[in-house]
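The values are calculated or read from the model by the stated rules, or taken from the named source; none is laboratory data. Here the structure is a predicted model, which means the values were calculated and not measured. Cβ sites come from the backbone with ideal geometry, for glycine too, and all protein chains shown count toward neighbours.
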């Protein structure tokens, strides 16, 4: 089958390559990963994939298919229109606007080309944390209480219990979620809200902080065949002393390095059969009501009563290839004895089955 792999590559890597073209199947491994000094925020390209990840996905899909690479830039529509692949494996996170994750799937629907993963509506809703939580609340699926702020003046009418979490409304990959995002005083709240409004130029979500254990759950497949992969627990006691018990940008990208990985994850998580059933049920319900397709990763945290709550939905999960990279979706797959290559081909098979291509 002719498969197009559509992706965004981390900016520092394309800058370092200085080639002016997207990686090809021949030159992708030659692109330097040296990070250049720049004035961008430290987390600007956190959602995008590395050269190594793009190459690993290409290689996995190439086991069974003919794979072409297309960078999700302003020329992507014409590239896809000319190529006319039988299906697209979509990794594109996009760059601009709150609909950025929906843009490539919307183009593909215009061109009537099948693709992996969720549709534009689900991708847009899940990126907007408040819209996703509103839908979950309607369906009585537990999620932390929240407020959305559009300016500093909105704080004057806010009645909040401390501690609480302060996040950008429409970001993923822990962007904008730092150790300081867990605030305990009005002064800290004001500082974090102002920082997000200025640095990210988007609304702020202030969310009830849940004090319990945190898990992330990989979902694979569709309908009655959806598979819940082994649950991953985030072990906050592995973080540096004195930091907050949250999976922050520092925890994900700075303190945890492939050259010196933190022992931060446990998979399968050590949970009682009752808690496992509760987590799996809430994740299946979330996957269904938000109309996720083929795959997703869902973040769960326990409240004061030990009950699971949904804190975030990731319809485009991170898939760093090496075990030492501590990427949760591949980690869960390996715990289910599914190799990295098989995992990606199962995602593609799920999409093909939806479209009647298998």
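Within the set of pairs 6 or more residues apart or between chains, which connect a residue that is assigned by TED's automatic domain parsing to the domain that holds residue 66 and touching a residue at least 60 places away in the same chain (Cβ under 8 Å) inside the range 78-99 to a residue that is part of a helix (DSSP H, G or I) and surrounded by fewer than 16 Cβ atoms within 10 Å (Cβ to Cβ) with Cβ atoms less than 9 Å apart?
Close Cβ pairs satisfying both conditions: none exist.
Might you check whether a residue that is within 26 Å of residue 319 (Cβ to Cβ) and either out of contact with any helix residue (DSSP H, G or I) (no Cβ under 9 Å at 6 or more places or on another chain) or crowded, with 18+ Cβ neighbours inside 10 Å (or both) occurs anywhere in the range 143-156?
yes
Given the options 281, 286, name the one that is touching a helix residue (DSSP H, G or I) at 6+ places or on another chain (Cβ under 9 Å), outside the structural domain of residue 183 (by TED's automatic domain parsing), in a helix (DSSP H, G or I) and modelled with pLDDT of 95 or more.
286
Given the structure, is residue 250 in the same structural domain as residue 334 (by TED's automatic domain parsing) and buried (at least 18 other Cβ atoms within 10 Å of the Cβ)?
So residue 250 fits the description; yes.
Looking at residue 103 and the list (1) surrounded by fewer than 22 Cβ atoms within 10 Å (Cβ to Cβ); (2) closer than 24 Å to residue 58 by Cβ; (3) modelled with pLDDT of 95 or more; (4) touching a helix residue (DSSP H, G or I) at 6+ places or on another chain (Cβ under 7 Å), which single condition is not satisfied?
Condition (4) is where residue 103 drops out.
Please give the helices (runs of 4 or more DSSP H) falling wholly within the range 100-208 in which 3 or more residues are assigned by TED's automatic domain parsing to the domain that holds residue 289, touching a residue at least 12 places away in the same chain (Cβ under 8 Å) and within 27 Å of residue 72 (Cβ to Cβ).
Those helices (runs of 4 or more DSSP H) do not exist here; none qualify.
When the range 273-287 is examined, which residues are found to be under 30 Å from residue 351 (Cβ atoms) and surrounded by 14 or more Cβ atoms within 10 Å (Cβ to Cβ)?
Scanning the range 273-287 gives 276, 278, 279, 280, 282, 283, 284, 285, 286, 287.
Could you grab me the full set of residues in the range 323-358 that are at pLDDT below 95 and in contact with a helix residue (DSSP H, G or I) (Cβ under 8 Å, 6 or more places away or on another chain)?
Result: 323, 358.
Assigned to a loop (DSSP other than H, G, I, E, B), touching a residue at least 40 places away in the same chain (Cβ under 8 Å) and either in contact with a helix residue (DSSP H, G or I) (Cβ under 7 Å, 6 or more places away or on another chain) or within 27 Å of residue 128 (Cβ to Cβ) (or both): which single residue out of 298, 319, 311 fits that description?
319
Could you go through the range 124-135 and let me know if any residue there is surrounded by fewer than 20 Cβ atoms within 10 Å (Cβ to Cβ), in contact with a strand residue (DSSP E or B) (Cβ under 7 Å, 6 or more places away or on another chain), at pLDDT 95 or above and more than 28 Å from residue 254 (Cβ to Cβ).
The answer is no; no qualifying residue exists.
Residue 43: touching a helix residue (DSSP H, G or I) at 6+ places or on another chain (Cβ under 8 Å) and either under 25 Å from residue 172 (Cα atoms) or at pLDDT 95 or above (or both), yes or no?
yes
So in the range 58-75, with the set limited to residues that are touching a residue at least 60 places away in the same chain (Cβ under 8 Å) and touching a strand residue (DSSP E or B) at 6+ places or on another chain (Cβ under 6 Å), which one is surrounded by the fewest Cβ atoms within 10 Å (Cβ to Cβ)?
66
Suppose we filter the range 62-80 for residues that are farther than 17 Å from residue 105 by Cβ, within 22 Å of the chain's Cα centre (by Cα) and outside any strand (DSSP E or B); how many remain?
0
Every residue, every condition in (1) without any contact (Cβ under 8 Å) to a residue 60 or more places away in the chain; (2) farther than 19 Å from residue 323 by Cα, yes or no:
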{"residue": "212", "(1), (2)": "no, yes"}
{"residue": "215", "(1), (2)": "no, no"}
{"residue": "218", "(1), (2)": "no, no"}
{"residue": "223", "(1), (2)": "yes, yes"}
{"residue": "226", "(1), (2)": "no, yes"}
{"residue": "230", "(1), (2)": "no, no"}
{"residue": "234", "(1), (2)": "yes, no"}
{"residue": "241", "(1), (2)": "yes, yes"}
{"residue": "244", "(1), (2)": "no, yes"}
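Among the residues of the range 263-272, is any surrounded by fewer than 18 Cβ atoms within 10 Å (Cβ to Cβ) and at pLDDT below 95?
For the range 263-272, residues surrounded by fewer than 18 Cβ atoms within 10 Å (Cβ to Cβ) and at pLDDT below 95: present.
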